[in-house]
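Notes follow once the structure below has been shown.
The values are calculated or read from the model by the stated rules, or taken from the named source; none is laboratory data. Since this is a predicted model, take the numbers as computed values, not measurements. Cβ placement follows ideal geometry from the backbone for every residue including glycine, while neighbour counts extend to all protein chains displayed.
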Amino acid sequence: MHIVTVVGARPQFVKAAPVSRALAARGVRETLVHTGQHYDPRLSDVFFEQLELRRPGHHLGIGSHPHGAQTGRMLEAIEALLLPDRPEWLLVYGDTNSTLAGALAAAKLAIPVAHVEAGLRSFNRAMPEEINRVLTDHLSRLLLCPTEAAVANLAAEGIASGVHRVGDVMYDSVLHNARLAEQKANPLEALDITPRNYYLATVHRPRNTDDPQRLATLMGLLADMDAPVVIPLHPRTAHALEAAGLPANHGARRATDPAAYLDMLLLERDARAIITDSGGVQKEACFFSVPCVTLRAETEWVETVEAGWNILVDANPERFASAIAAIASWDGDGPPFPAAALADVCALYGSGRAAEAVADLLVRPPSEPA
């Protein structure tokens, strides 16, 4: 069996690693295609090294372009790779332009598409990621859902065939890589911080970086915190700060280069709280039982909010201050925010064997229904 896997961004490398290991264990030939969507070595090469992920068979080098141009160039390049040797499956992850381009290229060639993280919805069509999710799901034959909410979202759109709740492959990855991280030098020492005495912040979404006034508001909130705020700067954010004339370091803010993945896991695990606009970081905070303050008005990971580990504040200073006050008064017993439904991580995201379930479904004989 031959499977082509299309990845292009940091979170996809993290998700692909455990599935690639599971496929290799089953004797599957996998060709990894890196679109080049994340081209900075600190957001790309380092992940292949640290995650023990096999180097891509093809690197398309697409790089940064407007959404339409980037997706179109990826589509053309992926189609050219698929035509000579059609695989049994085209496997994609998440919600990036790489995800949609891979799904479109395969669907137009009648190659079955399998989508890991199917069914996620923020219900905000202004987000490019939401468009990518919806279209990819409607192109896919095998929809591999991390949660029950994702299954329900697909059912509401009339998608029932090929839908499976497998658990979250990112949870598999965190369990595996947290153990690796503990064997390396702790990044807290180099930053002169101690566990639970700092905040960790990540800001990278266009909604937060492309509007100078909104960016200034968020940076002001982070500068006024009562403990150091470590901010591994995404290249987009660094450029936006420079363009807006805002210093990266000010007040409580401690800007750093993008953190290597294993370092990031330890920074997340030991933080007093995490402040982010990243979907994956919201989940990783929940995995580590660390409070998360999300700088968005909605999230595709609704379980983290319902379980009381995450709160949505957007860029509202009053809501932000209220969330930080709740964390300051939190005694560590149970979640820090109001919970609609208490649940442990395994109940939300599986038992850490999602990659095994994904691989089993992919290698199932064609005569057996997926």
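In this structure, does Asp95 turn out to be out of contact with any strand residue (DSSP E or B) (no Cβ under 6 Å at 6 or more places or on another chain), more than 24 Å from Gly279 (Cβ to Cβ), charged (D, E, K, R) and part of a loop (DSSP other than H, G, I, E, B)? No: the conditions fail for Asp95. Within segment 143-161, which residues are modelled with pLDDT of 95 or more, among the small types (Gly, Ala, Ser) and in contact with a helix residue (DSSP H, G or I) (Cβ under 9 Å, 6 or more places away or on another chain)? Correct list: Ala160 only.
State whether one or more residues within segment 248-269 are among the acidic types (Asp, Glu), buried (at least 22 other Cβ atoms within 10 Å of the Cβ) and at pLDDT 95 or above. Yes, some residue in segment 248-269 is among the acidic types (Asp, Glu), buried (at least 22 other Cβ atoms within 10 Å of the Cβ) and at pLDDT 95 or above. Condition test on His34, is it modelled with pLDDT of 75 or more and within 27 Å of Thr202 (Cα to Cα)? Considered against the rule, which asks whether it is modelled with pLDDT of 75 or more and within 27 Å of Thr202 (Cα to Cα), His34 comes out as yes. Of the residues examined, Leu120 is one that is surrounded by 23 or more Cβ atoms within 10 Å (Cβ to Cβ) and either over 24 Å from Ala271 (Cβ atoms) or under 21 Å from the mean Cα position of the chain (by Cα) (or both).
Looking for something assigned to a loop (DSSP other than H, G, I, E, B), over 23 Å from Ala152 (Cβ atoms) and basic (Lys, Arg) - is there at least one such residue anywhere in segment 348-356? Scanning segment 348-356, I find no residue that is assigned to a loop (DSSP other than H, G, I, E, B), over 23 Å from Ala152 (Cβ atoms) and basic (Lys, Arg), so the answer is no. Selection of segment 291-304 for residues being hydrophobic (A, V, I, L, M, F, W, C) and either buried (at least 22 other Cβ atoms within 10 Å of the Cβ) or at positive phi (or both) yields Cys292, Val293, Leu295, Trp301.
Inspection of segment 195-216 identifies at least one residue that is over 11 Å from Ala118 (Cα atoms), among the small types (Gly, Ala, Ser), at pLDDT 95 or above and over 20 Å from the mean Cα position of the chain (by Cα). Among the residues of segment 286-302, those identified as of a type outside the set (Val, Ile, Thr) and more than 23 Å from Asp331 (Cβ to Cβ) are Leu295, Arg296, Ala297, Glu298, Glu300, Trp301. Screening the candidates Val134, Val163, Val151, Val169 for the property of being under 15 Å from the mean Cα position of the chain (by Cα) and of a type in the set (Val, Ile, Thr) yields one hit, Val169.
For segment 78-91, the criterion of being under 21 Å from Val166 (Cα atoms) and either of a type in the set (Gly, Ala, Ser) or under 18 Å from the mean Cα position of the chain (by Cα) (or both) is met by at least one residue.
Yes/no per residue for (1) in contact (Cβ under 8 Å) with a residue 60 or more places away in the chain; (2) within 25 Å of Gln50 (Cβ to Cβ); (3) out of contact with any His (no Cβ under 8 Å at 6 or more places or on another chain):
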| position | (1), (2), (3) |
| --- | --- |
| Ala160 | no, no, yes |
| His164 | yes, no, yes |
| Asp168 | yes, yes, yes |
| Gln183 | no, yes, yes |
| Arg205 | yes, yes, yes |
| Leu218 | yes, no, yes |
| Arg254 | yes, yes, yes |
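For Ile324, the conditions (1) of a type outside the set (Lys, Arg); (2) free of Cβ contacts under 8 Å to residues at least 60 places away in the same chain; (3) farther than 30 Å from Thr96 by Cβ all hold with the exception of (2). Annotation note: of Leu218, Leu233, Leu222, the sole residue that is out of contact with any Cys (no Cβ under 8 Å at 6 or more places or on another chain), more than 21 Å from Asn316 (Cβ to Cβ) and either aliphatic (A, V, I, L, M) or assigned by TED's automatic domain parsing to the domain that holds Phe13 (or both) is Leu233. Set side by side, the residues Arg364, Arg319 differ, and just one is closer than 30 Å to Val4 by Cβ, surrounded by fewer than 18 Cβ atoms within 10 Å (Cβ to Cβ) and free of Cβ contacts under 8 Å to residues at least 12 places away in the same chain, which is Arg364.
Table: residues versus (1) of a type in the set (Ser, Thr, Tyr); (2) more than 23 Å from Ser278 (Cα to Cα).
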site	(1), (2)
Thr304	yes, no
Ala307	no, no
Ala315	no, no
Ala325	no, no
Gly332	no, yes
Phe337	no, no
Tyr349	yes, no
Arg353	no, yes
Glu356	no, yes
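Quick grid of which residues meet (1) on the phi < 0 side of the Ramachandran plot; (2) modelled with pLDDT under 90; (3) among the β-branched types (Val, Ile, Thr):
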| position | (1), (2), (3) |
| --- | --- |
| Ile3 | yes, no, yes |
| Pro11 | yes, yes, no |
| Val19 | yes, no, yes |
| Ala24 | yes, no, no |
| Val28 | yes, no, yes |
